[in-house]
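S.K.: Dropping a structure here in structure tokens format, bear with me for questions.
Please treat every number below as a calculation from the coordinates, not as lab data. These figures come from a predicted structure and were not determined experimentally. Don't worry about glycine lacking a Cβ; one is built from the backbone with ideal geometry, like all the others, and counts go over all protein chains shown.
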Amino acid sequence: MEELRRIREEAGLSQAQLARESGVDRATINKIEQGKRSPSIATLESLSRVLAVEVADFFPKAQAPLPLEEPAAGAPLLEKLLEAARQDARKTAQAVNRAFSSEGRPQTVTGFAEDEVRFELRKHGYPDAFFEDLLWPLVQQVIKQEERIIGLERQLKEKERETAKRLASETSTRK
């Protein structure tokens, strides 16, 4: 627990001094600082009382980057995956529309964004199975939910228009 060491040193205390004042064995403090032992809550409370800090201060404030974040570009790969899936869904819909309008003549579709994201994941050391078995199915579910929400919003707007028309019609017949 690096924070314990940092706080203790900032307070100008040795492990032996902290042990005497807190009632926690010096060897225990040493093991906790080296990460060889997890402290109990009672131990953390004793140490925090002597060091005049909160127990939470012993834990790092910064969250470690999530595995799907790309530190270099600063953009999370999961968001890139979602955008790739959205682009691919649009391309597929456009291809279907072109096929219907061209009366069955074959249509070509240029590369899918999925391939670009897959390449980027490989570059960061993620195996294809991580993409195929976990990420892409998950992203597809999110896209389906987004499409469902859009459909429900359209239905709601249509109902609102129908209600407004009906009210306008009823109002005009009363006059």
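S.K.: To the nearest 20 Debye, how big is the dipole of the range 2-58 about its Cα centre, given +1 on the beta carbon of each Lys and Arg and -1 on that of each Asp and Glu?
M.R.: Numbers: 9 positive and 10 negative charges, 60 e Å.
Approximately 280 debye in magnitude.
S.K.: Could you pull out every one of the aspartates and glutamates with an alpha carbon less than 12 Å from that of residue 36, ignoring same-chain neighbours closer than 8 positions?
M.R.: Candidates past the 8-residue exclusion: 2.
S.K.: Taking residue 91 as the anchor, which aspartates and glutamates have their alpha carbon closer than 13 Å to its alpha carbon, excluding any fewer than eight residues away along the same chain?
M.R.: 83, 114
S.K.: OK, next. Shape of the range 2-58 from its Cα gyration tensor (a ≥ b ≥ c, root eigenvalues): rounded if a/c is under 1.5, otherwise prolate when a/b > b/c, or oblate? Please report the intermediate quantities before stating the final value.
M.R.: On the way: a/c = 1.16, a/b = 1.06, b/c = 1.10.
Rounded, because the longest to shortest axis ratio a/c is under 1.5.
S.K.: Give me 4, 51 ranked fewest to most by other Cβ atoms within 10 Å of their Cβ, as a rough exposure proxy. Please report the intermediate quantities before stating the final value.
M.R.: Values: 4 23, 51 19.
So the residues, fewest neighbours to most, are 51, 4.
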